[in-house]
Amino acid sequence: MPLPKNKLDDLKSFIGLCKLTPNVLQDPQLEFFTEYLESLGATLPAQTMREEPNEPEMSSEPEPTGSSKPATASKPVPESESEPESDVELDMEGVIEDVEDDISQEMGDPSIEVTEDMEEASSQKRTEAMEALSSGELEKAIALFTEAIEQNPRSALLHAKRASVYIKAKRPVAAIRDCSKAIDLNKDNATAYKWRGRAHRLLGHWEEASHDLQMACRLDYDDQANEWLKEVTPNATKLAEHNRKYERKREERELKVKTERIRKAREAQAKARQVSSQPQIEKHKPERLYIQFYLF
């Protein structure tokens with residue numbers, strides 16, 4: 001008994017689908033068909049449809065704990081994605097570590113209304129602070145500048161002055177906070193940029209130091225600030241050049257990834273067009289084809 005033409009067309013379409021996507025034979029609905037094929041001696045493709053693609057491979061050995069864990073257990077960082085400064089040789093002489101980053105630092109209340117009496121009291125405390133500084137009593141000078149700031153919290157000069165004492169006391173982080181506050185109060189305060197630049201230099205923040213010291217000299221040229229600028233320029237220049245190189249590599253890497261993604265998308269589109277050109281194969285609905293084939 002000859003088969004109807006439409007059923008033969010369905011059978012041809014189904015075989016075409018199997019050729020393009022062999023894993024379709026792993027569908028449980030086609031178990032009767034695969035058993036028939038195997039009874040004829042056919043070799044079916046290995047079962048891959050039910051694999052868990054994202055399941056991590058488990059090691060039979062127990063994972064080491066603590067410091068005994070090997071370095072290879074963690075995902076290595078590609079050289080191109082390592083820290084930008086990792087392979088730059090810098091002169092780190094004079095760099096210090098500030099261990100008092102969390103120290104309390106009184107900034108005063110900028111919302112209060114400063115009276116003439118308060119300004120006068122602030123000026124007096126400032127004078128006493130300068131005297132203590134001249135005597136080498138750094139902590140006393142800091143305390144007196146703090147009292148002066150509490151009386152006149154909107155004085156950028158007082159914050160910059162206290163920052164200079166923090167620098168002498170080897171507390172550059174506190175100095176940066178004071179200078180940043182001073183700059184917030186007066187963006188043209190050259191003294192604040194000068195001392196913040198020095199603080200960054202002590203911490204090894206070469207590019208930040210270069211920026212602040214250039215600003216200080218631009219706003220109000222100072223011989224000492226210029227000397228400090230010359231001191232940090234070599235390291236700052238090395239870092240700037242290295243960062244530009246690192247950025248170029250990052251952009252090239254991103255372009256490569258984008259190009260590969262476009263290539264794969266075009267391949268997928270070409271394959272989709274090839275599949276859609278097969279007669280009567282309904283895209284994304286192979287189950288309907290199975291049913292038609294099963295019923296014929």
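The rows are residues; the columns are (1) assigned to a helix (DSSP H, G or I); (2) over 21 Å from THR233 (Cα atoms); (3) among the acidic types (Asp, Glu).
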site: LEU90; (1), (2), (3): no, no, no
site: GLY94; (1), (2), (3): no, no, no
site: SER104; (1), (2), (3): no, yes, no
site: MET118; (1), (2), (3): yes, yes, no
site: ARG126; (1), (2), (3): yes, yes, no
site: GLU139; (1), (2), (3): yes, yes, yes
site: ALA143; (1), (2), (3): yes, yes, no
site: LYS187; (1), (2), (3): no, yes, no
site: TRP195; (1), (2), (3): yes, no, no
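When segment 20-32 is limited to residues that are part of a helix (DSSP H, G or I) and open to solvent by 40 Å² or more (accessible area, probe 1.4 Å), the one that is modelled with the lowest pLDDT turns out to be LEU20. From the list LYS161, LYS125, the one residue that fits, being closer than 23 Å to ASP222 by Cα and modelled with pLDDT of 95 or more, is LYS161. Restricting the first member to segment 76-99 and to residues that are modelled with pLDDT of 50 or more, and the second to residues that are open to solvent by 80 Å² or more (accessible area, probe 1.4 Å) and of a type in the set (Lys, Arg), the beta-carbon pairs closer than 8 Å and six or more apart or on different chains are VAL88/LYS238; GLU89/LYS238; LEU90/LYS238; ILE96/LYS170; ASP98/LYS170. Close Cβ contacts (under 6 Å, 6 or more residues apart or on different chains) running from residues in segment 102-126 that are of a type in the set (Asp, Glu) to residues that are in a helix (DSSP H, G or I) and open to solvent by less than 60 Å² (accessible area, probe 1.4 Å) comprise GLU106/THR146. Taken together, the residues in segment 251-277 that are touching a residue at least 40 places away in the same chain (Cβ under 8 Å) and either at positive phi or within 18 Å of the chain's Cα centre (by Cα) (or both) amount to 1.
Evaluate segment 274-284: report whether one residue or more is among the β-branched types (Val, Ile, Thr) and modelled with pLDDT of 95 or more.
No: segment 274-284 contains no residue that is among the β-branched types (Val, Ile, Thr) and modelled with pLDDT of 95 or more.
When we screen LEU144, LEU158 for residues that are surrounded by 17 or more Cβ atoms within 10 Å (Cβ to Cβ) and under 25 Å from HIS205 (Cβ atoms), the only hit is LEU158.
Quick test for you: out of ALA209, ALA175, ALA216, pick the one residue that is modelled with pLDDT of 95 or more, under 24 Å from GLY136 (Cβ atoms) and assigned to a helix (DSSP H, G or I). First the steps, then the outcome.
Numbers: ALA209 fails: under 24 Å from GLY136 (Cβ atoms); ALA216 fails: under 24 Å from GLY136 (Cβ atoms).
Answer to the check: ALA175.
Apart from one condition, LYS170 fits all of (1) modelled with pLDDT of 95 or more; (2) open to solvent by 50 Å² or more (accessible area, probe 1.4 Å); (3) not β-branched (Val, Ile, Thr); the exception is (1).
The values are calculated or read from the model by the stated rules, or taken from the named source; none is laboratory data. If you're wondering where the values come from, they're calculated on a predicted model, not measured in any experiment. Heads up, the Cβs are rebuilt from the backbone with ideal geometry, glycines too, and the neighbour counts pull from every protein chain shown. These area figures cover heavy atoms from the full protein model, side chains too; ligands, DNA and RNA do not enter into them. Shrake-Rupley method; radii C 1.70, N 1.55, O 1.52, S 1.80 Å.
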